[in-house]
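Right, one structure below, let's go through it.
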Amino acid sequence: MSELKLCQGTDCHTYTTKDRLKGTKENKTYQTRRRSSFYYGRGNFCSLNCQNDWFSDFGDKAIDHFGRLTEPKHLTEQNAWTKTYDWRANADESHRYYSINGITQEQTPLTEAQFRDTNYTLNTGE
Ligand SMILES: [Zn+2]
């Protein structure tokens, strides 16, 4: 059996659902959920509620620790390229892959390999 993870929600144990109630008759407690995987917060939380509880308690500290934005970020022509494709239903016609610039709307054709390469980009800025 794979290792079980604990939900990181700070108040997970306070939600009185049947699945959280553990222990023997005289010793029952509501406990933090323990599962092999969670769907929320990159696998750290059992629910959106628990993710929000964590952020309420620690979000400001986390943002200050990793760097709070003090000025707006800018999406410029140099970093506005995204990859997309036009789907072709016809089997003898391949999908049309291209990069499109979100500012200028300029389009540049891509090979399928360039489209699938997560390192390939026309963006030159951050
Ligand atoms: Zn939880």
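The values are calculated or read from the model by the stated rules, or taken from the named source; none is laboratory data. Note that the coordinates shown come from a computational prediction; the quantities given were computed from them, not determined experimentally. Every residue, glycine as well, gets a Cβ built from its backbone with ideal geometry; the counts of neighbours run over all protein chains shown. Side chains are part of the model used for accessible areas, which takes the heavy atoms of the whole protein and leaves out ligands, DNA and RNA. Shrake-Rupley method; radii C 1.70, N 1.55, O 1.52, S 1.80 Å.
Please determine whether any residue of segment 17-35 is at pLDDT below 95 and of a type in the set (S, T, N, Q). Checked against the condition, which is being at pLDDT below 95 and of a type in the set (S, T, N, Q), segment 17-35 yields at least one hit.
Looking across GLU106, GLU93, one residue alone is modelled with pLDDT under 95 and over 30 Å from LEU4 (Cα atoms). It is GLU93. Determine, yes or no, whether THR108 is among the β-branched types (Val, Ile, Thr), over 30 Å from ASP11 (Cα atoms), open to solvent by less than 90 Å² (accessible area, probe 1.4 Å) and in a loop (DSSP other than H, G, I, E, B). Spelling it out, it is not the case that THR108 is among the β-branched types (Val, Ile, Thr), over 30 Å from ASP11 (Cα atoms), open to solvent by less than 90 Å² (accessible area, probe 1.4 Å) and in a loop (DSSP other than H, G, I, E, B). Looking at segment 1-30 only, could you name the residues that are assigned to a helix (DSSP H, G or I) and either without any contact (Cβ under 8 Å) to a residue 24 or more places away in the chain or in contact with a Pro (Cβ under 9 Å, 6 or more places away or on another chain) (or both)? Answer for segment 1-30, where residues must be assigned to a helix (DSSP H, G or I) and either without any contact (Cβ under 8 Å) to a residue 24 or more places away in the chain or in contact with a Pro (Cβ under 9 Å, 6 or more places away or on another chain) (or both): HIS13, THR14, LYS18, ASP19, ARG20, LYS25, GLU26, ASN27.
For segment 32-91, taking the residues that are within 16 Å of the ligand (Cβ to nearest atom) and assigned to a strand (DSSP E or B), the one that is surrounded by the most Cβ atoms within 10 Å (Cβ to Cβ) is identified as PHE45.
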